[in-house]
Amino acid sequence: MAQRILEVVSEGAVPLLIAGILLLAHWRGVNVFESFLQGAQEGFATAVRLIPHLVAMFVAIDLLHLSGTLDLVYKLLYPLFALGDIPPEILPLVLTRPLSGSAAFGVTVNLINTHGPDSFIGRLASTIQGSTDTTFYILTVYFGAVGIKKTRHALVAGLVGDLAGFVAAFCICKLVFG
Amino acid sequence: MLNRIWLVFILLGTAVAVTGGRAEVVTRAVTEGSQAAVQTALGLIGTIAFWLGLMRIAEDAGLIVLLARIIRPLVRFLFPEVPANHRALGSILLNMAANLLGLGNAATPLGLKAMVELQELNEEPDTATNSMCTLLAINTSSITLIPTLVIAARAAAGSRNPAEIVGTTIIATSCSTIAALTVDALYRRLGRRGQGR
């Protein structure tokens with residue numbers, strides 16, 4: 001029931017937001033079309049400003065992936081996972097999740113299809129996929145948009161969050177789906 | 001930090017490729033990676049333009065300032081350096097709401113708008129402020145109530161109950177956000193004075 005409500009809210013949010021803002025603004029005497037165009041004009045510059053930052057990050061991540069570096073790290077960490085009773089099949093997802101959203105989603109779909117969506121690995125992968133966002137991508141885009149070069153502790157906070165998300169996902173899945 | 005990480009990523013990747021006898025993948029990574037980067041950026045233009053347009057309407061109608069005033073207690077707690085009634089607070093709130101609802105398409109443009117507005121308060125334009133780091137902590141660990149993509153993938157794979165992972169996801173994502181915000185708060189405490197805002 002609560003789930004259904006959340007779904008309805010999720011689906012209705014965008015139409016409601018758009019119609020609500022337009023109606024309120026019109027009622028308060030704003031020329032909505034003109035305002036929209038003025039705001040939207042900044043969209044191009046904002047997106048283009050991201051390109052150098054995205055190029056730097058995407059090339060580095062492709063390089064890690066294509067060179068086999070990720071596979072190497074995977075092999076190194078494998079025994080650690082076996083020790084903690086965590087299914088090692090999940091490791092590629094843990095490694096790609098902070099780096100690339102689309103790659104991680106690909107890994108998740110692959111795990112779901114291989115082991116079945118209702119298997120422990122399938123459920124754990126689904127939970128991990130939704131538990132955090134792509135830390136490196138978010139950092140690149142957000143700081144890139146305003147030209148910040150010294151990012152201070154943002155990366156550490158993001159990665160600790162990722163790690164906490166993985167551990168929590170494993171514990172809660174173990175508890176709920178055993 | 002990103003500076004060193006990037007250096008390590010590139011050098012490590014290159015070294016592994018060369019020692020593995022696959023030096024050609026370096027060129028491939030450069031070509032494919034940079035093309036994907038430009039495609040991603042170009043793909044963002046439309047949605048960013050739309051949401052920035054809608055936000056401008058809300059701003060001109062005075063809705064953002066109103067919103068910022070309503071949610072002041074929560075946001076003042078998380079972003080004490082941002083002056084009350086500053087329009088960045090409105091963008092931050094909308095960014096958080098979009099994240100919560102799993103509206104990634106809307107969350108990014110709203111977050112970028114918040115960053116631009118936070119940058120106006122920044123005294124050292126090349127260095128991230130405390131508020132920016134907090135905003136990033138919230139976004140990198142993003143609290144999502146409905147992981148729509150995952151549910152769709154599970155349904156496609158023939159799951160008996162595709163949405164059964166919503167509960168576990170909410171708990172895991174809450175833990176990751178609390179952890180990220182805790183690290184952020186610790187660094188805030190330890191950070192040297194004068195680096196604020």
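The values are calculated or read from the model by the stated rules, or taken from the named source; none is laboratory data. Please read all numbers here as calculations on a predicted model, not as lab measurements. Cβ sites come from the backbone with ideal geometry, for glycine too, and all protein chains shown count toward neighbours. Keep in mind that these areas ignore ligands, DNA and RNA; they rest on the heavy atoms of the full protein, side chains included. Shrake-Rupley method; radii C 1.70, N 1.55, O 1.52, S 1.80 Å.
Relative contact order, whole percent, for the stretch B:110-193 stands at 34, derived from Cα pairs under 8 Å and 6 or more residues apart.
For the stretch B:95-158, GluC sites (Glu not before Pro) meeting the loop criterion (DSSP other than H, G, I, E, B) and having at most 11 other Cβ atoms within 10 Å: B:GLU120, B:GLU123.
Relative to the longest principal axis of the Cα atoms of chain A, helix A:2-27 runs at roughly 20 degrees.
Pair-distance distribution P(r) for the protein assembly as shown, from all Cα-Cα distances in 20 Å bins starting at 0: 27, 58, 14, 0 percent. Computed from the C-beta positions of B:ALA23 and A:GLN38, the FRET efficiency with R₀ = 51 Å rounds to 0.55.
Just checking the listed ones, A:ILE86, A:ILE121, A:ILE148: in the Gaussian network model of chain A with Cα springs under 10 Å, the one fluctuating most is A:ILE148. Could you work out the relative contact order of the stretch B:26-196, using alpha carbon pairs under 8 angstrom and six or more residues apart, expressed as a whole percent? It comes to 18 percent, rounded to a whole number.
Here the sum of -39500 (n - 2.57) over DSSP H runs of 4 or more residues, divided by the residues of the protein assembly as shown, equals -25500 deg cm²/dmol at 222 nm, to the nearest 500. Mind checking which helices in chain B clear 27 Å along their axis (Cα) and have mean Kyte-Doolittle hydropathy of 0.0 or more, DSSP H runs only? The qualifying helices are B:24-60, B:166-190.
If you plug the beta carbon distance of A:LEU175 and B:THR182 into 1/(1 + (r/R0)^6) with R0 = 22 Å, you get a FRET efficiency near 0.50.
Rank these by accessible area, largest first, 1.4 Å probe: B:GLU164, B:GLU24.
Numbers: B:GLU164 45, B:GLU24 115 Å².
Putting B:GLU164, B:GLU24 in descending order of accessible area: B:GLU24, B:GLU164.
Relative contact order for chain A using alpha-carbon pairs under 8 Å, separation at least 6, rounded to a whole percent?
Numbers: 118 pairs, mean separation 35.4, N = 178.
The value is 20 percent.
Suppose R0 equals 51 Å; then what is the FRET efficiency for B:ASN85 and A:PHE120 from their Cβ-Cβ distance, rounded to the nearest 0.05? That pair, B:ASN85 with A:PHE120, gives E of 0.55.
In summary, the lysines within cross-link reach of A:LYS75, defined as a Cα separation below 26 angstrom excluding same-chain residues under 8 places away, comprise A:LYS174. The stretch B:62-103 and the stretch B:150-186 have Cα centres lying 24 Å from one another.
In plain terms, chain A is cut at each of the trypsin sites (Lys or Arg not before Pro) found in a DSSP loop with at most 16 other Cβ atoms within 10 Å, and the longest leftover piece is A:29-148. Once backbone amide H atoms are built at 1.01 Å from N, A:LYS150 has B:THR127, B:ALA128 as its partners under 5 Å, excluding neighbours fewer than 5 places away on the same chain.
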